[in-house]
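The values are calculated or read from the model by the stated rules, or taken from the named source; none is laboratory data. It should be emphasised that the depicted structure is a prediction, and the values quoted were computed from it without experimental measurement. Quick reminder, even Gly has a Cβ in these numbers, built from the backbone with ideal geometry, and neighbours come from all protein chains shown.
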């Protein structure tokens with residue numbers, strides 16, 4: 001299973017692709033701050049589905065739960081323990 | 001070398017670049033040559049590294065809508081008013097429900113004025129329009145590309161059998177018209193949907209079919225369309241709203257530029273819809289109207305509806321002249337007096353300053369003109385005066401219900417970058433076709449038709465193409481012939497004689513630089 005470093009790297013790539021080369025810490029807000037757009041949330045979701053086996057159709061989706069690297073990591077941990 | 005020889009030589013070099021589909025070099029009479037280029041779509045797709053960027057973008061939007069309906073709130077949203085996912089660009093929070101309600105009800109009212117009996121709605125979403133309009137129709141077909149969203153509509157229809165019996169729901173993409181015959185419906189509705197289309201070309205394909213399936217006398221209603229002439233003003237207003245008082249003018253300019261460049265949605269000039277008349281002979285008339293309502297949000301400020309009339313006798317305009325509000329500075333009271341003094345005359349007024357966005361435009365101007373060191377706090381301080389200017393479009397529309405005996409129609413067909421609008425007051429008893437009087441509205445000049453849509457998700461690619469072209473020309477042309485600027489356009493505007501319309505192209509560039 002991938003960990004926090006991979007999530008950080010993935011988010012960094014998303015930000016760079018949208019022209020944001022600013023500093024990134026694990027608790028930075030990504031979507032609510034506007035650094036990423038709502039359509040970018042899809043990239044995060046697909047990344048989580050493919051790499052962590054999270055099924056959002058099953059657990060429901062809340063934008064706030066993927067708003068930072070820390071939150072995304074917590075979601076992967078919670079899903080892993082539930083399984 | 002003569003100017004036209006030089007132009008020919010520059011164009012020859014431009015055409016050698018694989019990113020160029022069409023090209024024209026025009027001497028601007030001051031700084032030298034400007035290159036106008038219609039980009040090659042497959043080249044852009046190639047440098048994006050994806051096989052089909054259009055499909056990718058559509059797929060992402062579909063997943064975005066699917067996800068929006070997987071939240072806990074979506075499951076308990078009220079019938080016909082599921083506002084989940086309707087987030088404000090300013091606050092990034094959900095737009096207040098009362099504002100969405102006003103917008104939906106006004107939209108429904110506008111569509112019902114078209115007297116629909118059989119409707120095909122593309123992108124019916126969670127059914128906000130469907131649940132209100134279907135009860136007034138014999139047949140209502142709602143299609144959407146998001147299966148999760150459609151499941152919400154089906155849930156609502158289960159609780160309303162009287163509506164359900166005349167409604168059909170289908171999961172399909174907007175461009176899928178499989179099995180739909182010509183002249184099947186009297187109304188096609190595409191509301192708040194085209195911004196998620198990957199390109200203007202995709203939209204044109206959808207509209208071609210939409211027009212085909214509508215019977216003579218019917219309509220295609222395209223609502224909640226984001227305005228291209230006002231895209232920079234919109235970006236400025238959002239960035240101004242979000243900036244802290246310490247942000248300086250230079251930073252804000254960068255953010256505005258980046259927001260426009262990163263735009264993921266399709267943004268269209270009203271000229272796009274006007275230009276369809278040439279392409280589709282079944283289109284007899286196109287109306288462009290700003291959104292109605294009092295709510296102050298991005299829909300009311302920056303969006304419009306385009307109503308396409310299909311094979312309908314339009315009749316001649318009876319407005320002799322549009323009085324120029326920009327010159328004569330009419331107040332609302334002066335307009336009222338005008339109505340009182342001319343009870344039987346059609347009155348047209350053009351270039352009415354738009355109070356909804358006066359502050360945003362002043363902000364854009366202030367940011368472009370001011371010193372980079374000026375802070376947002378200082379800029380904001382200068383804007384309050386601008387907020388008082390102009391007339392709110394709804395104040396003009398409300399004159400209809402204040403006993404003056406006139407029906408009121410507004411138009412944004414002129415595509416002015418200052419967001420000003422035109423109004424026509426038609427004596428109520430002289431109206432043959434209550435909702436839709438034929439009016440010869442002011443329209444834009446040829447330059448507006450050179451670039452009628454943005455390229456969603458491709459801002460950076462287009463910038464990259466311009467850099468490639470500049471390097472290519474520098475390598476292959478003598479210094480004095482290298483264009484000093486490159487502008488990507490949808491098409492090269494032609495004169496009636498079929499020659500490149502240099503004046504229109506340079507006009508489009510001036511408008512773009514001003515933005």
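Scan segment B:474-497 and report the pairs whose first residue is free of Cβ contacts under 8 Å to residues at least 24 places away in the same chain and whose second residue is buried (at least 16 other Cβ atoms within 10 Å of the Cβ) and not in a helix (DSSP H, G or I), with Cβ atoms within less than 9 Å and a gap of 6+ or a chain change. If the second residue must be buried (at least 16 other Cβ atoms within 10 Å of the Cβ) and not in a helix (DSSP H, G or I), the pairs left are B:474/B:482; B:494/B:500; B:494/B:501; B:495/B:501. Every condition in (1) at pLDDT 90 or above; (2) assigned to a helix (DSSP H, G or I) holds for residue A:57 except the one numbered (1). For segment A:1-32, filtering for residues that are free of Cβ contacts under 8 Å to residues at least 12 places away in the same chain, within 19 Å of residue B:456 (Cβ to Cβ) and not in a helix (DSSP H, G or I) leaves 1. Filtering B:444, B:496, B:483 for residues that are more than 16 Å from residue B:23 (Cα to Cα) and either surrounded by 15 or more Cβ atoms within 10 Å (Cβ to Cβ) or modelled with pLDDT of 90 or more (or both) leaves a single hit, B:444. Do we find a residue being closer than 27 Å to residue B:86 by Cα and within 11 Å of the chain's Cα centre (by Cα) anywhere in segment A:51-64? Within segment A:51-64, one or more residues are closer than 27 Å to residue B:86 by Cα and within 11 Å of the chain's Cα centre (by Cα). Residues that are touching a strand residue (DSSP E or B) at 6+ places or on another chain (Cβ under 7 Å) and either at pLDDT 90 or above or surrounded by fewer than 16 Cβ atoms within 10 Å (Cβ to Cβ) (or both) number at least 2 in the following helices (runs of 4 or more DSSP H) confined to segment B:337-416: B:393-397. Which members of segment A:50-66 meet the condition of being more than 10 Å from every other protein chain (Cβ to nearest Cβ), over 11 Å from residue B:70 (Cβ atoms) and surrounded by fewer than 14 Cβ atoms within 10 Å (Cβ to Cβ)? Matches in segment A:50-66: A:50, A:53. Scanning segment A:33-49 for residues that are closer than 23 Å to residue B:257 by Cβ and part of a helix (DSSP H, G or I), which turns out farthest from the other protein chains (Cβ to nearest Cβ)? Checking each candidate, the answer is A:40.
Here's a check for you: in segment B:89-100, which residue that is buried (at least 16 other Cβ atoms within 10 Å of the Cβ) and more than 11 Å from chain A (Cβ to nearest Cβ) is nearest to residue A:59 (Cα to Cα)? Here the answer is B:95.
Determine whether residue B:170 is touching a strand residue (DSSP E or B) at 6+ places or on another chain (Cβ under 7 Å) and closer than 26 Å to residue B:78 by Cβ.
yes
Taken over segment B:65-82, the residue count meeting the criterion of being over 16 Å from residue B:147 (Cα atoms) and in a loop (DSSP other than H, G, I, E, B) is 6. When we screen B:85, B:142, B:59 for residues that are part of a strand (DSSP E or B), free of Cβ contacts under 8 Å to residues at least 40 places away in the same chain and either touching a helix residue (DSSP H, G or I) at 6+ places or on another chain (Cβ under 9 Å) or within 14 Å of another protein chain (Cβ to nearest Cβ) (or both), the only hit is B:142.
Inspect segment B:44-54 for any residue being touching a strand residue (DSSP E or B) at 6+ places or on another chain (Cβ under 8 Å) and within 14 Å of chain A (Cβ to nearest Cβ) and give the result as yes or no. Checking segment B:44-54: not a single residue is touching a strand residue (DSSP E or B) at 6+ places or on another chain (Cβ under 8 Å) and within 14 Å of chain A (Cβ to nearest Cβ).
Provide a single number: the residues in segment B:63-80 that are at pLDDT 85 or above and more than 9 Å from every other protein chain (Cβ to nearest Cβ).
Here is the first cut: in segment B:63-80, the residues at pLDDT 85 or above are B:63-70.
Filter again for more than 9 Å from every other protein chain (Cβ to nearest Cβ), leaving B:65.
Count: 1.
Restricting attention to segment B:132-160, the residues being touching a strand residue (DSSP E or B) at 6+ places or on another chain (Cβ under 9 Å), more than 19 Å from residue B:177 (Cβ to Cβ) and modelled with pLDDT of 95 or more number 4.
From the residues in segment B:1-32 that are assigned to a loop (DSSP other than H, G, I, E, B) and out of contact with any helix residue (DSSP H, G or I) (no Cβ under 8 Å at 6 or more places or on another chain), which one is farthest from residue B:504 (Cα to Cα)? Break it down into steps so the answer makes sense when it comes.
Filtering segment B:1-32 for residues assigned to a loop (DSSP other than H, G, I, E, B) gives B:1-2, B:16-19, B:28-32.
If we keep only those that are out of contact with any helix residue (DSSP H, G or I) (no Cβ under 8 Å at 6 or more places or on another chain) as well, we get B:2, B:29-31.
On the way: B:2: 22, B:29: 14, B:30: 16, B:31: 18 Å.
Only one residue tops the list, namely B:2.
Looking at the structure I just gave you, is residue B:111 more than 14 Å from chain A (Cβ to nearest Cβ), buried (at least 20 other Cβ atoms within 10 Å of the Cβ), modelled with pLDDT of 95 or more and assigned to a helix (DSSP H, G or I)? In short, yes. When the criteria are applied in full, residue B:125 fails the requirement of being in the same structural domain as residue B:192 (by TED's automatic domain parsing), out of contact with any strand residue (DSSP E or B) (no Cβ under 8 Å at 6 or more places or on another chain) and either on the phi < 0 side of the Ramachandran plot or modelled with pLDDT under 95 (or both).
When segment B:447-495 is filtered for residues that are within 14 Å of chain A (Cβ to nearest Cβ) and out of contact with any strand residue (DSSP E or B) (no Cβ under 8 Å at 6 or more places or on another chain), the ones remaining, listed by number, are B:456, B:457, B:458, B:459, B:460, B:461, B:463, B:464.
The set of residues from segment A:3-32 being over 11 Å from the mean Cα position of the chain (by Cα), away from chain B (no Cβ under 14 Å), farther than 22 Å from residue B:460 by Cβ and surrounded by 12 or more Cβ atoms within 10 Å (Cβ to Cβ) comprises just one member, A:28.
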